[in-house]
Amino acid sequence: MSDSDTGAAGRSQGETAQLSAIELNVNDQVRRLEVDPRTSLLDALREHLRLSGTKKGCDHGQCGACTVLINGRRVNSCLTLAVMHEDDEIVTIEGLGHPDGLHPMQRAFVERDGFQCGYCTPGQICSAVGMIAEVEAGWPSHATADVTSTRIALTDEEIRERMSGNICRCAAYPNIVAAIRGIAVGDPE
């Protein structure tokens with residue numbers, strides 16, 4: 001391909017790319033932005049709205065570092081497009097609490113040393129908040145002994161299974177489980 005061919009291809013691609021004007025409700029604020037319709041929610045949050053708490057780990061939905069809450073459910077923001085969420089309520093780690101008023105799950109992670117390098121922590125905390133809501137709603141997991149029961153015992157095995165989509169490369173898992181257990185069942189540890 002000659003230089004003139006690659007230039008023409010670049011112009012052609014640039015000419016056909018159209019931006020979509022969207023409104024996202026993020027952390028109880030309506031934010032307006034124009035994005036390429038192929039922009040992931042993760043990139044919209046980080047690069048367009050400057051909410052860097054949500055982390056880009058694998059960018060393939062395998063590590064959970066990008067977990068946010070959408071309408072109360074946990075979602076890997078790298079696997080969904082921003083344009084799909086105009087009427088949704090999106091909560092990122094920045095929306096759960098703030099330095100002077102931490103969310104109880106954030107405080108539990110600090111108190112139980114539920115992190116080391118901290119890169120996965122925002123995703124872990126958002127996932128834990130969503131996971132506890134799933135348990136309260138009676139949603140069974142693969143580790144649930146009695147899937148017909150509406151009351152699910154949040155054992156360590158249950159917590160580990162439900163949080164298995166969130167990877168911690170520092171292996172802070174015992175303290176992550178302790179933090180979640182402390183919130184879920186008031187473990188005095």
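General remarks:
- Count of the stretch 135-174 residues which are under 14 Å from GLN124 (Cβ atoms) and out of contact with any helix residue (DSSP H, G or I) (no Cβ under 8 Å at 6 or more places or on another chain): 7
- Scan of the stretch 136-189 for residues that are assigned to a helix (DSSP H, G or I), touching a Gly at 6+ places or on another chain (Cβ under 7 Å) and charged (D, E, K, R), ordered by number: none
- In this structure, LEU19 does not satisfy being open to solvent by less than 80 Å² (accessible area, probe 1.4 Å), modelled with pLDDT of 95 or more, over 18 Å from the mean Cα position of the chain (by Cα) and of a type in the set (A, V, I, L, M).
- Selection status of CYS126, at pLDDT 95 or above and assigned to a helix (DSSP H, G or I): yes
- Checking each residue in the stretch 156-169 for being more than 19 Å from SER141 (Cα to Cα) and open to solvent by less than 40 Å² (accessible area, probe 1.4 Å) picks out only CYS168.
- Residue check for PHE109: aromatic (Phe, Trp, Tyr), over 13 Å from LEU42 (Cβ atoms) and open to solvent by 20 Å² or more (accessible area, probe 1.4 Å): no
- Selection within the stretch 138-155: residues that are exposed (fewer than 11 other Cβ atoms within 10 Å of the Cβ) and within 18 Å of ILE180 (Cβ to Cβ). The member of this set that is modelled with the lowest pLDDT is ARG151.
- Whichever residue in the stretch 66-100 is of a type in the set (S, T, N, Q) and free of Cβ contacts under 8 Å to residues at least 40 places away in the same chain and, among such residues, is nearest to LEU41 (Cα to Cα): SER77
The values are calculated or read from the model by the stated rules, or taken from the named source; none is laboratory data. None of the values given here were measured: they were computed from a predicted structure. Every residue, glycine as well, gets a Cβ built from its backbone with ideal geometry; the counts of neighbours run over all protein chains shown. The accessibility values were calculated without ligands, DNA or RNA, using every heavy atom of the protein model including side chains. Shrake-Rupley method; radii C 1.70, N 1.55, O 1.52, S 1.80 Å.
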